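Since the structure comes first, as structure tokens, the remarks are kept for the end.
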Amino acid sequence: MKSVSITIPCRNEEHYIGKCLQSIVDCVFDKSLLSVFVCDGMSTDNTQAIIQEFIKKHPFIHFIENTKQTTPFALNLGLKANSADIKIILGAHAEIYPDYINKCIEAFKINEKLGCVGGIIENVYENDTAEIIGKAMSSGFGVGNAHFRTGELDGYVDTVAFGAYKKEVFENIGYFDEELIRNQDDEFNFRLLKNGFKIYLYRPIRSKYYVRASFKKLYKQYEQYGYWKVYVNKKHQTITTLRQIVPLLFVIYLLGGAILALLHPVILILYFLVLALYFLAGIYSAAKQTQQINTMLGIVKTFFILHFAYGLGYLKGIIDFFIRNKSIKSEESLTR
């Protein structure tokens, strides 16, 4: 039987960390083969006390202090703390199903070249805003071919959420890039694929995730995704996925088209015609998620936030990392 470890980065997660750890405790898996490492970024709420209560009852759970308070540093602390055959990374906002670990092990039997497997995220909505955001992020129009959100594909992909990795992957390509505030998962999976491993989305692997409930936080999150994707591209001297370019082109069209539209009435008409087509496509996609008008309009609003924030962040990244040749300063604390 394979040994398994789970690494959980967290900071100030008193409302979620208990649910996350309890879902692991409830897993149908031999606990003598399981190690859990909660890497806490010096929480100031009740998070650490909750973790310690679980440690008292379950010796396979361990606490690690993350003094740098960043996600990739936390991940590496947990991953390097053990030599398990399979290493899973998990968010503090997540809960896994009882058969999660067994399904991960099962998935690796599909192909010996698999370095990583993952499954489907089921959104848990805490309020109306969370439901709107969750439905938008479950749409292909909102997140492209991020199949771990849309659940439309069972097969080979370029990334998954909460991946389970063979230990050989880390032995071959190293660990997560600690310079990255965002996109550390995508960057790591890009290196994984580049080195001959494969990633497989196996839908029987299921987890729940408590969706962000703020449009403001969502905007900031996706702006950072776009921004740091540029740094990853520069570091590897390639565009890691084609879908990342679409929001950039959208923002360039919005900004550049608005200026050109002032030059001639025909350009102005064409500009608004394309925008109308965008919003019609958004409404059509939102209608697949709900029949309630207010929720539908909220989903369309979320589509725009996702696309504009990511595209604008990407544009800022091009300016900073390519034009200004900006250096990296990791100043943002863990928000996983």
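Observations on the structure shown:
- The stretch 12-43, residues that are in a loop (DSSP other than H, G, I, E, B) and in contact with a helix residue (DSSP H, G or I) (Cβ under 7 Å, 6 or more places away or on another chain): Asn12, Glu13, Glu14, Cys27, Val28, Phe29, Gly41
- Residues in the stretch 66-95 that are outside any loop (DSSP other than H, G, I, E, B), in contact with a His (Cβ under 9 Å, 6 or more places away or on another chain) and surrounded by fewer than 24 Cβ atoms within 10 Å (Cβ to Cβ): there are none.
- So Gly115, is it crowded, with 21+ Cβ neighbours inside 10 Å and farther than 23 Å from Lys198 by Cα: no
- Counting the residues of the stretch 186-211 that are buried (at least 21 other Cβ atoms within 10 Å of the Cβ), under 28 Å from Lys19 (Cβ atoms) and out of contact with any His (no Cβ under 8 Å at 6 or more places or on another chain) gives 7.
- Being of a type outside the set (Gly, Ala, Ser), at pLDDT 90 or above and under 13 Å from Lys235 (Cβ atoms) holds for only one residue in Phe197, Phe188, Phe162, and it is Phe188.
- In the stretch 312-328, the condition of being outside any helix (DSSP H, G or I), under 24 Å from the mean Cα position of the chain (by Cα) and either touching a residue at least 60 places away in the same chain (Cβ under 8 Å) or surrounded by 12 or more Cβ atoms within 10 Å (Cβ to Cβ) (or both) is met by at least one residue.
- Matching residues, the stretch 31-40, being out of contact with any strand residue (DSSP E or B) (no Cβ under 9 Å at 6 or more places or on another chain) and of a type outside the set (Ser, Thr, Tyr): Lys31
Conditions tested, residue by residue: (1) touching a residue at least 12 places away in the same chain (Cβ under 8 Å); (2) of a type outside the set (A, V, I, L, M).
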| residue | (1), (2) |
| --- | --- |
| Arg191 | yes, yes |
| Asn195 | yes, yes |
| Arg203 | yes, yes |
| Lys216 | no, yes |
| Tyr231 | yes, yes |
| Gln244 | yes, yes |
| Ile252 | yes, no |
| Gly256 | no, yes |
| Ile259 | no, no |
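- Residue in the stretch 127-149 that is modelled with the highest pLDDT, counting only those that are in a helix (DSSP H, G or I), of a type in the set (Gly, Ala, Ser) and surrounded by fewer than 23 Cβ atoms within 10 Å (Cβ to Cβ): Ala130
- Any hit, the stretch 35-46, residues being surrounded by 14 or more Cβ atoms within 10 Å (Cβ to Cβ) and over 24 Å from Val211 (Cα atoms): yes
- Taken together, Asn46, Asn82, Asn66 contain a single residue that is in contact (Cβ under 8 Å) with a residue 12 or more places away in the chain, more than 24 Å from Tyr165 (Cβ to Cβ) and over 19 Å from the mean Cα position of the chain (by Cα), which is Asn46.
The values are calculated or read from the model by the stated rules, or taken from the named source; none is laboratory data. Remember, predicted model here, so these are calculated numbers, not experimental data. Cβ atoms come from the backbone with ideal geometry, glycine included; neighbour counts cover every protein chain shown.
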